């Protein structure tokens, strides 16, 4: 390697000079540190070496095995497949032949005369035929069947590539080609369906049921791209499931926004994947409203987390009747959250206030969480700071008495957010205790309310399970106020 001479020759090339392959061969052989010769550079700049006269120059290789012929082909030169076969078969370090480059540039080989060249493969098994198909060449399904079945080491056939480019094989004439599968089990039919071909569910049922290694069928693909299978005629196809339990019906609802009839197609709607999500879950997610009387069995279908179709339906804005549908409203998921709470949570407080008082009372009494026992009243106070007395002025005492699993009443919840009960008018409420003996009065005192020593004696004497009285809490609060007051003066 003579770097100085290479640089001098390179400069001449840059200035437009072209070295004569007969008279100046030694210069054309000069290499840089990558093994790239002046001949490589000259070919890159558009010079065409004669494949007969300059064959030895065309075979010069760089360190990565790229020959001058590779470069000349990449610049659009077409080597003759008969005369220049030896050149076309030259490989680089990735075993990519000059023929691969030539096909990539759109110079196609004849599948009859040049079959041997079309079969040449690089280190991944990618054939010249694959490259030719990728560039839009159509191999004949009868004459060139052997070529179409050639595959890479991953099993990707030339037919896969031809389908990928938009060619559709006939399900009648080319069934064996359509069944060709790569190492992942993807058939040519899978590719063809993905590209928009519609296989007939009656005549092509065998093809539609072809599965890849995940049991994803051609029918799944067809549904994914919007095809609607008939729930009566094609029921068997709609029930096909992959390894995760996703049926063609799931895909049809998800992608095609299709709605199955809850009476006629009940079995289809009840199909569940491995997560327990049914076709009905997704139909509800798309906005379909199942009737709570007629379709109750569907509405109570739950996934593995206990999340029902009813939960999904209210999430999409549906409101179940608080009286008629109480059984549905009681259903809870694995977190204990009920359909009732999800329904009310979706309502604005203003909408709640618009209901009649008797209806609001009914709402507030519903269980919000079956694990904690919290009612909707508990949750609305906790989440929205609503005042029970304001929304149910004639029934507030009844609501305040409601308890959760820890005997924590709605009154406890209300006083926890800053509301004070009147010790004269609402003494009964203040004396309510939770399972730890903590009264509503204990909470009220801890929040700074000063009970009267004389008038509220009965309340002050209330103690919790640890023996702490309301009076003790009152006195501690007074001391705290006094200390804070003295600090302020300082």
Inset, instruction - Scale the Cα Rg of the range 389-466 by the rule-of-thumb value 2.2 N^0.38 Å and send over the ratio, two decimals. - result: 1.04
Legend entry - Sequence ranges 103-111, 476-484, ranked by mean other-Cβ count within 10 angstrom, highest first: 103-111, 476-484
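Of the listed peptides 48-55, 36-43, what is their order by residue-averaged count of other C-beta atoms within 10 Å, with the highest listed first?
On the way: 48-55: 15.1, 36-43: 24.5.
Highest mean packing first, the order is 36-43, 48-55.
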Inset, instruction - Please label the shape of the chain as rounded, prolate or oblate, based on the square roots a ≥ b ≥ c of the eigenvalues of the alpha-carbon gyration tensor (a/c under 1.5 means rounded; beyond that, a/b larger than b/c means prolate, else oblate). - result: oblate
Legend entry - Simple spin-label estimate for residue 52 and residue 140 in nanometres, 7 Å along Cα-Cβ: 3.1
Legend entry - Cα-based shape type of the range 381-429, given that a ≥ b ≥ c are square roots of the gyration tensor eigenvalues and the cut on a/c is 1.5: rounded
Legend entry - Euclidean distance of C-alpha centroids, the range 333-411 and the range 198-260, integer Å: 44
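Quick check on the range 140-293: take the gyration tensor over C-alpha atoms, sort the square-rooted eigenvalues as a ≥ b ≥ c, and tell me if it's rounded (a/c under 1.5), prolate or oblate. Intermediate values should be presented prior to the final figure.
On the way: a/c = 2.90, a/b = 2.26, b/c = 1.28.
Prolate shape, in that a/c is at least 1.5 and a/b is the bigger ratio.
Per 0.36 nm of contour for each residue apart, how much would the distance between residue 475 and residue 203 grow if the chain were fully extended, relative to their Cα-Cα spacing?
Numbers: separation 272, 0.36 × 272 = 97.92 nm, distance 8.77 nm.
The span from residue 475 to residue 203 would gain 89.2 nm if fully extended.
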Inset, instruction - Give the angle, between 0 and 90 degrees and rounded to the nearest 10, that separates the Cα long axis of helix 470-489 from the longest principal axis of the Cα atoms of the chain. - result: 70
Legend entry - Computed lengthening from residue 416 to residue 385, 0.36 nm per intervening residue step minus Cα-Cα distance: 10.2 nm
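I need 12, 380 ordered by Cβ neighbour count within 10 Å, fewest first.
Values: 12 14, 380 25.
Going from least to most buried by this count: 12, 380.
Fully extended, how many nm does the chain gain between residue 346 and residue 275 (0.36 nm per residue separation, minus their Cα-Cα distance)? Can you show the working numbers first?
Numbers: separation 71, 0.36 × 71 = 25.56 nm, distance 2.52 nm.
Residue separation times 0.36 nm, minus the Cα-Cα distance, leaves 23.0 nm.
Which FRET efficiency value, to the nearest 0.05, is calculated for residue 431 and residue 483 with the Förster distance at 35 angstrom and r the Cβ-Cβ distance? If you can, show how the numbers build up before the last one.
Values: r = 30 Å, r/R0 = 0.85.
Once the sixth-power term is evaluated, E becomes 0.75.
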Inset, instruction - Given the peptides 270-276, 162-168, arrange them by the average over their residues of other C-beta atoms within 10 Å, most packed first. - result: 162-168, 270-276
Legend entry - C-alpha long axis of helix 3-14 to longest principal axis of the chain, angle in °: 90
Inset, instruction - For the range 145-186 and the range 1-77, compute the distance between their C-alpha centroids and round to whole Å. - result: 40
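Values quoted throughout were computed directly from the atomic coordinates according to the rules given, and no laboratory measurement underlies them. What you see is a predicted model, and the numbers here were worked out from it, not measured in a lab. Counting neighbours? That spans all protein chains shown, and the Cβs are built from the backbone with ideal geometry, glycine included.
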